[in-house]
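Since the structure comes first, as structure tokens, the remarks are kept for the end.
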Amino acid sequence: MTFINYASREINCKIVYYGPGLGGKTTNLQYIYDTTAPQAKGKLISLATETDRTLFFDFLPLELGTVRGFKTRFHLYTVPGQVFYDASRKLILKGVDGVVFVADSQTERMDANIESLWNLENNLKAQGYDLMKIPYVLQLNKRDLPNIISMDELKRELMRKGEPVFEAVAYKGVGVFDTLKAVAKQVLVELKKGSG
Amino acid sequence: MSNSVVMYEAEYQQIKTVIAKLCDDANAKMVFLVDKNGQQIASHGEIGNIDTTSLASLTAGNVAATDGLARLIGEKEFPVLSHEGEKDNIHISIVAQRVILVVIFDERSSLGLVRLRVKRASNELTDVFESIVRKVEQHKEQGVELDSPFAEITDEDIDNLFRE
């Protein structure tokens with residue numbers, strides 16, 4: 001849910017990175033954090049277990065600049081990918097403006113991708129959203145690994161609506177900003193529609 | 001987007017006045033008002049170098065998780081959360097069902113005093129938020145277009161946001 005503050009001339013949007021466990025959601029945020037100028041970012045908050053698995057969420061506030069005199073901030077969240085954290089995932093989707101699905105390209109993770117995508121659609125529905133209508137980008141991560149499924153096959157299995165698709169190697173930053181830019185653009189275009 | 005939350009100048013000033021008064025009356029260190037989705041609306045007090053954006057996001061996460069817990073055991077919500085530290089304490093309450101009021105206080109105040117002052121401030125804030133809702137609805141009915149920064153946004157504006 002975009003928050004437009006006419007008093008302080010700020011717009012805040014919420015983007016959620018979703019996907020199966022160990023797929024690279026946190027790595028996306030970490031890369032964005034590491035490579036963004038200090039004045040444009042806040043702290044990266046990670047609520048993780050002792051073994052660095054996301055427990056509740058990661059959070060990174062990002063200030064992109066001004067649009068027509070309004071400061072534009074994106075709040076990036078990840079969800080915990082592991083199946084049994086479903087209650088937490090539902091909470092984090094509240095008020096979402098755009099979703100990035102980070103899929104794991106490895107052959108053995110295909111079932112986990114499909115399960116997680118199904119879970120995303122259901123949890124969005126539970127919050128009153130429709131995946132077919134909200135800003136959405138598909139990222140195919142881990143393209144540098146040897147045992148991966150071809151782009152064509154992944155697209156066939158995971159694409160839902162002609163959404164933008166990006167190949168990524170998140171820890172090296174490949175595709176990370178393209179993904180973010182694509183989803184942010186859709187969110188802003190959606191805002192434009194709403195105000196037109 | 002139809003489900004956007006908006007904040008107008010007049011109501012923003014009213015909110016700032018209410019939380020400043022609450023901060024004084026409760027002898028608190030800081031008072032924050034946060035949207036349930038984790039976005040900060042206003043703050044007052046000895047903010048110092050506290051990371052207010054993270055505070056807002058974590059508060060909302062905390063409230064969301066506690067709400068989830070409440071529903072699990074058949075409660076509608078736990079409207080007040082209180083955390084006690086060695087020096088500082090946090091009092092968190094829900095206002096008008098959609099915003100979170102956070103009061104941070106130390107030994108100069110007490111939980112009883114904070115609770116008392118929060119009650120009155122909550123009523124005043126509820127009035128302000130109801131007035132915002134009425135305003136938005138009125139604007140919709142009258143077809144008033146807000147001075148939206150997005151009505152005239154161009155692809156170039158969006159691309160510029162991402163230029164190094």
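The set of residues from region A:63-88 being more than 10 Å from every other protein chain (Cβ to nearest Cβ) and open to solvent by less than 10 Å² (accessible area, probe 1.4 Å) comprises A:76, A:78, A:79, A:80. Cβ-Cβ distances below 7 Å connect the following pairs, each with a first residue in region B:58-79 that is in contact (Cβ under 8 Å) with a residue 40 or more places away in the chain, a second residue that is open to solvent by 40 Å² or more (accessible area, probe 1.4 Å), and a separation of six or more residues or different chains: B:60/B:36. Within region A:37-61, restricting attention to residues that are within 10 Å of chain B (Cβ to nearest Cβ) and aliphatic (A, V, I, L, M), the residue that is surrounded by the fewest Cβ atoms within 10 Å (Cβ to Cβ) is A:37.
Listed here are the residues, each with its yes/no results for (1) more than 17 Å from residue B:100 (Cα to Cα); (2) crowded, with 19+ Cβ neighbours inside 10 Å; (3) touching a residue at least 12 places away in the same chain (Cβ under 8 Å).
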position	(1), (2), (3)
B:5	no, yes, yes
B:9	yes, no, no
B:15	no, yes, yes
B:20	no, no, yes
B:24	yes, no, no
B:28	no, yes, yes
B:35	no, yes, yes
B:40	no, yes, yes
B:43	no, yes, yes
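Can you name the strands (runs of 3 or more DSSP E) wholly within region B:1-65 that have at least 3 residues being more than 9 Å from chain A (Cβ to nearest Cβ)?
Correct list: B:30-35, B:40-45.
For region A:2-36, the tally of residues that are within 11 Å of another protein chain (Cβ to nearest Cβ) and either open to solvent by 40 Å² or more (accessible area, probe 1.4 Å) or not hydrophobic (A, V, I, L, M, F, W, C) (or both) stands at 10.
Conditions tested, residue by residue: (1) part of a loop (DSSP other than H, G, I, E, B); (2) among the hydrophobic types (A, V, I, L, M, F, W, C); (3) open to solvent by less than 10 Å² (accessible area, probe 1.4 Å); (4) under 28 Å from residue B:35 (Cα atoms).
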position: A:113; (1), (2), (3), (4): no, no, yes, no
position: A:118; (1), (2), (3), (4): no, yes, no, no
position: A:123; (1), (2), (3), (4): no, no, yes, yes
position: A:133; (1), (2), (3), (4): yes, no, no, yes
position: A:140; (1), (2), (3), (4): no, yes, yes, no
position: A:145; (1), (2), (3), (4): yes, yes, no, no
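Cβ-Cβ distances below 9 Å connect no pair with a first residue in region A:120-132 that is on the phi > 0 side of the Ramachandran plot, a second residue that is part of a loop (DSSP other than H, G, I, E, B) and open to solvent by 60 Å² or more (accessible area, probe 1.4 Å), and a separation of six or more residues or different chains. Can you report the number of residues in region B:66-87 which are open to solvent by 40 Å² or more (accessible area, probe 1.4 Å), in a loop (DSSP other than H, G, I, E, B) and either facing chain A (nearest Cβ under 9 Å) or farther than 23 Å from residue A:95 by Cα (or both)? Count: 4.
If only residues of region A:170-195 that are touching a Ser or Thr at 6+ places or on another chain (Cβ under 9 Å) and at the interface with another protein chain (Cβ under 8 Å from one of its Cβ atoms) are counted, the one that is surrounded by the fewest Cβ atoms within 10 Å (Cβ to Cβ) is A:194.
The values are calculated or read from the model by the stated rules, or taken from the named source; none is laboratory data. Source: prediction; values computed, not measured. All Cβ positions, glycine included, derive from the backbone under ideal geometry; neighbour counts span all protein chains shown. For the accessible areas, the whole protein counts, side chains as well, though only heavy atoms, and no ligand, DNA or RNA atoms are used. Shrake-Rupley method; radii C 1.70, N 1.55, O 1.52, S 1.80 Å.
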